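Below is one structure, written out as C-alpha cells; comments come after it.
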Amino acid sequence: MKTNSLGLDLKKTEVLAAELNILLANFQVYYQNLRGLHWNIRGKRFFDLHVKFEELYNDSQLKIDMIAERILTLGGRPLHTFEDYIKNNKLFVGKDISNDEDAVNLIVNALTQLLKIERVILKQSDEALDEGTNSMMSDFIKEQEKTIWMMKAWLEEEI
C-alpha cells in the first residue's frame, strides 16, 4: 500500500478528495441559496430571518474554505468554477424565494442532502483511518442535525 506524507493510503485519499469536491460543490450552491434568501426574504419575519440567513451563509463560507483546504491537504485540487459546482450539485437551486416557510424548507432540504454526502465521506474517512476528515465530517453533521431540528421546530414540524 502506497501512502502519502500523512501516512494515509493514496488510493483512499484520492477517493476522499473526490467526495470532498462533491461536498464542496454542493456547499457552494447552498451558500448561494442562502445569499439569495438573505437578500429576498419578505414579510413579518424579515428581521429575524434576514439575520439568521446571514449567520448561516457566513458559517457556510467558513466550511467551504475548510473543505477546500482539506482537499488540498489530501493532495487533491478543489473545484472552483461554477460549471463544476452545477455539474456536481445535488441540491435544489432556490430562485427568487421570498416566502419565509419556502425559505426555511429550502434550507432543511439542502442540509438533508448535505448530510447524505457527509455521511458517505464519514464512512470512507473512517475506513481510510483519516481522522482529520472524519473529525471535520462529524462536526459538520452534528451542527447540521441541530440546525435541521431548529428549522423543523420553527416550521412546527417533527424531525
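Derivation of every value follows stated rules applied to the coordinates shown; laboratory data play no part. Treat the numbers as computed from the prediction; the structure is a model and nothing was measured. Note that each Cβ is placed from the backbone with ideal geometry, even for glycine, and that neighbours are counted across all protein chains shown.
Val93 falls short on exactly one of the conditions (1) hydrophobic (A, V, I, L, M, F, W, C); (2) part of a loop (DSSP other than H, G, I, E, B); (3) buried (at least 19 other Cβ atoms within 10 Å of the Cβ); (4) touching a residue at least 60 places away in the same chain (Cβ under 8 Å), and that condition is (3).
Among the conditions (1) closer than 19 Å to Asp65 by Cβ; (2) in contact (Cβ under 8 Å) with a residue 24 or more places away in the chain, the only one that Ser135 does not satisfy is (2).
Being assigned to a helix (DSSP H, G or I), touching a residue at least 60 places away in the same chain (Cβ under 8 Å), within 19 Å of Phe27 (Cα to Cα) and acidic (Asp, Glu) is a property that Glu118 has. If you go through the range 2-44 and keep only what is β-branched (Val, Ile, Thr) and farther than 18 Å from Gly75 by Cα, you end up with Val29, Ile41. When the residues of the range 6-64 are narrowed to those that are farther than 18 Å from Ile141 by Cβ, polar (S, T, N, Q) and buried (at least 20 other Cβ atoms within 10 Å of the Cβ), which ends up farthest from the chain's Cα centre (by Cα)? In this case the residue turns out to be Thr13.
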